[in-house]
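Inspection log for the structure reproduced underneath, given as structure tokens.
Coordinate-derived values only; no laboratory data. Treat the numbers as computed from the prediction; the structure is a model and nothing was measured. Note: ideal-geometry Cβ built from the backbone for every residue, glycine included; neighbour counts use all protein chains shown.
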Amino acid sequence: MSEPPEPADWAEVAPSEPATPRVRRGIYLLPNLLTTGTLFAGFYAIVAAIDGNFERAAVAVFIAMIFDGLDGRVARWTHTESAFGKEYDSLSDMVAFGIAPAIIVYQWGVGRAADYSALAGQVGWLVTFFYAVAAALRLARFNTRTAFVDKRYFEGLPSPSAAAVASSAIWCAAKYSLDGPNTVLAMFVLTGLAGLLMVSRFYYWSFKGLEPTGRLRFPRVIWIPLAFVLIAARPDVVLFALFGAFAASAPLIWLVRKLRRRPAPVRGQR
């Protein structure tokens, strides 16, 4: 994998050279209907979390991710991209992947943390608010730099992936009745880290280089049904493991590259 471009390289792109095609004006039914599905799933996740149905709330976040992954692709395939659709998509993403996960973690953890100490409850409140702010900043940065970034990479953890990490963690905690003080602390730390990664400068592979019509070697085909079987058997644990590994991938790659570039010590010197 090639090295992602540095931010200084982006500034060298002339503003008069558009990197993306001109966006049409107007409102198109099909892609915006899918975006509405994202918004509805995010709204349902909030309502379910308020009612204490954390497993349903987490599932709704993943359903929102499916709709979010479809609306843009459908718009490109049907040539129905529009400025309205872009703004509507960002607002829906903020609800589904910014506000909904924050409320899920808040409803699950802040009450439990307050039982241990008032300070713990306040820290949990601040952590969940920080996550919501980080999601808003992440979406705003993405919208303003779309024309200048390398499409193969995301700058910072994408908000859907951060939402998947936070929501699947609460899903596991709710399903297996993990509500001790150490678990609550771990959930707050995980949510805060997800927020930090969203506004970080780490580069994440966008998977946009994968062609759905491309050829695939037979030994790799077996991983596709295996992944579906694992997700169907233990969706909470498997989804948390997958998105957690993706969230940790960029910092780990950065750390490995830093260690490899460190100069070797000269003999005779400490």
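Tabulated data for the structure shown
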item: Any hit, region 106-125, residues being over 25 Å from Ala173 (Cβ atoms) and either touching a residue at least 24 places away in the same chain (Cβ under 8 Å) or of a type in the set (Phe, Trp, Tyr) (or both); result: no
item: Residue satisfying condition, being over 30 Å from Trp254 (Cα atoms), crowded, with 16+ Cβ neighbours inside 10 Å, among the aliphatic types (A, V, I, L, M) and under 18 Å from the mean Cα position of the chain (by Cα), within set Ile99, Ile103, Ile170; result: Ile103
item: Selected residue (only one of Val61, Val47 is β-branched (Val, Ile, Thr), surrounded by fewer than 21 Cβ atoms within 10 Å (Cβ to Cβ) and under 11 Å from Ile104 (Cα atoms)); result: Val47
item: Residue that is nearest to Glu55 (Cα to Cα), among those in region 222-236 that are among the β-branched types (Val, Ile, Thr) and assigned to a helix (DSSP H, G or I); result: Ile231
item: Subset of region 126-154 [of a type in the set (Phe, Trp, Tyr) and either more than 26 Å from Ala41 (Cα to Cα) or in contact (Cβ under 8 Å) with a residue 60 or more places away in the chain (or both)]; result: Phe130, Tyr131, Phe148, Tyr153
